[in-house]
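The values are calculated or read from the model by the stated rules, or taken from the named source; none is laboratory data. In this text, all values refer to a predicted model and were calculated from it rather than measured experimentally. Glycine also receives a Cβ, built like all others from the backbone with ideal geometry; neighbour counts cover every protein chain displayed.
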Amino acid sequence: MIDRRSLITGALAATALPTLASAQVSASQIRLVVPYGPGGSTDTSARVLAERMGTDLGKTIIVENRPGGGTMIGMVNVAKSKPDGTSLLLQTTTAALLPAFDIPLQVDPQKELMPISQLADIPCVLAVNAKHPAKTFPEFLDWAKAQSSPVLYSTSSTGGLPHLWGELISSKAGGKLQHVPYKAAAEALRDTVAGHIQVFVDVTMPVDAQINAGTMRGLICGAAKRVPNISSVPTASELGMPELEAAVYFGVATTAGTAPEIIAYYNAAINAALKVEAVRERLASMGYIAIGGTPEAYAQRLANETVRWRKVIKAANIPPPV
């Protein structure tokens, strides 16, 4: 429930939104395309954002689910739309990762889509069964190096950020980690809790509940600072390994060629929404860390991440996910 302070904060922020673009975006209904099916945390976060932005802008923002193609179906849909500000995209990490595989794509997400703002991060975490002999991440690296056979680690997919992060960690463990992809994080976690797989590598949810219950032990989190829902888990920076910082992240983009005034209009609305305490709390309940920022900062992050993970992809010879 949004409290009085949040309403006041949102109202003040809304008055600061650019007015020129409001006239240019004359449509009363806006689409926010989500490249995943309904019901998951990504879809829920989009609906939280759409509701708040719609209130501030005085428009109806409809969340439209277009799953498939490793998020490419949703990206193509918005990239091919009119650049009039009526089609927005909840963009995911794939906007940086897919170009890193150097394969032909239906659209170039960093050229045919225009960044508006970062939205939120959900950091990666490496966890082991509570019975595992390693109590710390350095101990885990030493243990992995000493094994005569590959150490199996589970993630929710092939070619996603947790998989690439796992390969980056494997390089620090003497190449001893071997990826075992699952169809969903819950399945990967279940087999790790049961002891069928030695290591779980994914984002902070749903493993946070197992870490807090004591059935799993978090050894390293890819966030810059400790994450509230797994506050017991040290960060990569704390462990003296800032190069292991990693998070699945979300942002909002639109069709390339959209007027700068419209980009500024939506950027202000997103950043205003992310300052509302109730919005931040709702995102935090799903493990997300609100980010925000400028279109330029978001574009630079995408470009930097493509360069960073391309090196890992080539070194580990990881096949493209699409």
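Pairs linking a residue in the range 51-79 that is farther than 23 Å from A256 by Cβ to a residue that is buried (at least 21 other Cβ atoms within 10 Å of the Cβ) and of a type in the set (D, E), with Cβ atoms under 8 Å and 6 or more positions apart or on different chains, do not occur.
Restricting attention to the range 125-162, the residues being more than 20 Å from Q210 (Cβ to Cβ) and buried (at least 24 other Cβ atoms within 10 Å of the Cβ) number 1.
The residues of the range 251-300 that are touching a helix residue (DSSP H, G or I) at 6+ places or on another chain (Cβ under 7 Å), part of a helix (DSSP H, G or I) and either within 27 Å of S231 (Cβ to Cβ) or outside the structural domain of D43 (by TED's automatic domain parsing) (or both), listed by number, are A273, L274, E277, A278, V279, R280, R282, L283, A284.
Across the range 28-40, the qualifying residues are those that are farther than 15 Å from G68 by Cβ and crowded, with 18+ Cβ neighbours inside 10 Å, and the one among them that is nearest to the chain's Cα centre (by Cα) is L32. Does any residue of the range 304-313 turn out to be more than 23 Å from K225 (Cα to Cα) and aromatic (F, W, Y)? Among the residues of the range 304-313, not one is more than 23 Å from K225 (Cα to Cα) and aromatic (F, W, Y), which makes the answer no. Within the range 225-237, residues that are assigned by TED's automatic domain parsing to the domain that holds K135 and assigned to a helix (DSSP H, G or I) reach partners that are surrounded by fewer than 20 Cβ atoms within 10 Å (Cβ to Cβ) and of a type in the set (S, T, N, Q) with beta carbons closer than 9 Å, at six or more positions or on different chains, in the pairs N229/N212; N229/S285; I230/N212.
The condition (being farther than 28 Å from Y288 by Cβ, at pLDDT 95 or above, touching a Leu at 6+ places or on another chain (Cβ under 6 Å) and outside the structural domain of A46 (by TED's automatic domain parsing)) is satisfied by just one residue among A146, A173, A134: A173.
Counting only residues that are surrounded by fewer than 16 Cβ atoms within 10 Å (Cβ to Cβ) and either of a type in the set (K, R) or more than 30 Å from G257 (Cα to Cα) (or both), the range 277-307 holds 4 of them.
Mind checking which residues of the range 41-66 are more than 18 Å from T94 (Cα to Cα) and within 16 Å of the chain's Cα centre (by Cα)? Listed by number, the residues that qualify are T44, R47, V48, L49. Could you go through the range 240-257 and let me know if any residue there is farther than 20 Å from A96 by Cβ, buried (at least 21 other Cβ atoms within 10 Å of the Cβ) and not charged (D, E, K, R). Within the range 240-257, not a single residue is farther than 20 Å from A96 by Cβ, buried (at least 21 other Cβ atoms within 10 Å of the Cβ) and not charged (D, E, K, R). A search for C-beta distances below 7 Å between a residue of the range 189-200 that is assigned by TED's automatic domain parsing to the domain that holds L177 and any residue that is part of a helix (DSSP H, G or I) and not polar (S, T, N, Q), counting only pairs 6+ apart in sequence or on different chains, returns L189/P206; L189/V207; I197/D191; F200/A188; F200/L189; F200/V207. Could you tell me whether any residue of the range 110-127 is assigned to a helix (DSSP H, G or I) and either more than 15 Å from the chain's Cα centre (by Cα) or of a type in the set (K, R) (or both)? There is no residue in the range 110-127 that is assigned to a helix (DSSP H, G or I) and either more than 15 Å from the chain's Cα centre (by Cα) or of a type in the set (K, R) (or both).
Scoring A184 on the criteria (1) surrounded by 20 or more Cβ atoms within 10 Å (Cβ to Cβ); (2) under 23 Å from D43 (Cα atoms) leaves a single failure, condition (1). Take I62 and decide whether it is closer than 22 Å to I270 by Cβ and either in contact with a helix residue (DSSP H, G or I) (Cβ under 7 Å, 6 or more places away or on another chain) or β-branched (V, I, T) (or both). Here the answer is yes, as I62 does meet what is asked. A residue that is over 24 Å from I73 (Cα atoms) and either of a type in the set (K, R) or at pLDDT below 95 (or both) occurs somewhere in the range 305-312. The residues of the range 149-172 that are farther than 14 Å from G222 by Cβ, touching a strand residue (DSSP E or B) at 6+ places or on another chain (Cβ under 7 Å) and outside any helix (DSSP H, G or I), listed by number, are P150, V151, L152, Y153, S154, S156, S157, T158.
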